[in-house]
């Protein structure tokens with residue numbers, strides 16, 4: 001990892017995030033990931049940060065080609081005492097997004113003017129999304145999966161393992177594009 005990113009990694013650590021450097025060539029984009037959004041996610045079409053209201057996978061491929069670096073951001077939550085994981089999930093991803101969003105803003109302040117966060121999971125900033133006009137456009141970010149990123153493979157490329165349905169811990173994962 002180039003030294004110019006050390007302060008961001010330190011800041012992420014101070015916030016409780018693990019930041020894993022990725023070359024954007026190691027971020028796998030697959031069309032099949034869109035199936036999970038369209039046929040399996042209850043947020044599909046219900047927020048302006050979810051398909052079909054965002055850029056297409058092909059458009060995102062073009063944007064990603066303009067970046068060379070990224071951080072895979074991992075925020076681990078202890079769920080050992082949680083009885084309703086779905087209820088807790090909303091709170092966890094909102095907390096994780098806030099940290100990751102702050103890191104994106106810090107990257108901008110450090111001179112990485114094109115830094116852009118792909119948030120953990122679907123946007124849940126508002127109780128109900130106004131599909132005509134975003135109430136918080138400065139916070140509007142979409143999830144990596146929404147543009148076809150295979151997070152499981154991206155984590156493997158970072159020498160990490162994405163474990164599903166693990167009692168005791170829940171991971172919120174985002175990607176910070178940086179240039």
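Could you tell me which residue of the range 113-132 is nearest to the chain's Cα centre (by Cα), considering only residues that are surrounded by fewer than 17 Cβ atoms within 10 Å (Cβ to Cβ) and under 22 Å from residue 60 (Cα atoms)?
Out of the qualifying residues, it is 114.
What is the number of the single condition among (1) at pLDDT 95 or above; (2) within 17 Å of residue 110 (Cα to Cα); (3) in contact with a strand residue (DSSP E or B) (Cβ under 7 Å, 6 or more places away or on another chain) that residue 18 does not meet?
Every condition holds for residue 18 apart from (2).
Each row is one residue, and each column tells you yes or no for (1) in contact with a strand residue (DSSP E or B) (Cβ under 8 Å, 6 or more places away or on another chain); (2) exposed (fewer than 11 other Cβ atoms within 10 Å of the Cβ); (3) modelled with pLDDT of 95 or more.
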{"position": "56", "(1), (2), (3)": "no, no, yes"}
{"position": "59", "(1), (2), (3)": "no, no, yes"}
{"position": "62", "(1), (2), (3)": "no, yes, yes"}
{"position": "67", "(1), (2), (3)": "yes, no, yes"}
{"position": "70", "(1), (2), (3)": "yes, no, yes"}
{"position": "75", "(1), (2), (3)": "yes, no, yes"}
{"position": "84", "(1), (2), (3)": "no, yes, no"}
{"position": "88", "(1), (2), (3)": "yes, no, no"}
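If you go through the range 116-138 one residue at a time, how many are touching a helix residue (DSSP H, G or I) at 6+ places or on another chain (Cβ under 8 Å) and modelled with pLDDT of 95 or more?
5
Looking at the range 152-176, which of the residues that are on the phi < 0 side of the Ramachandran plot and in a loop (DSSP other than H, G, I, E, B) is surrounded by the fewest Cβ atoms within 10 Å (Cβ to Cβ)?
Top of the filtered list is 164.
Could you tell me which numbered condition residue 108 fails, if it satisfies all but one of (1) exposed (fewer than 15 other Cβ atoms within 10 Å of the Cβ); (2) at pLDDT below 95; (3) closer than 25 Å to residue 65 by Cβ?
Result: residue 108 passes all but (2).
Could you say whether any residue in the range 128-139 is closer than 25 Å to residue 66 by Cβ and touching a residue at least 12 places away in the same chain (Cβ under 8 Å)?
Yes: the range 128-139 contains one or more residues that are closer than 25 Å to residue 66 by Cβ and touching a residue at least 12 places away in the same chain (Cβ under 8 Å).
Give the residue, chosen from 37, 50, that is within 18 Å of residue 174 (Cβ to Cβ), surrounded by 16 or more Cβ atoms within 10 Å (Cβ to Cβ) and at pLDDT below 90.
Checking each option against the conditions leaves just 37.
The values are calculated or read from the model by the stated rules, or taken from the named source; none is laboratory data. Source: prediction; values computed, not measured. Using ideal geometry, Cβ is built from the backbone for each residue, glycine included, and neighbour counts are taken over all protein chains shown.
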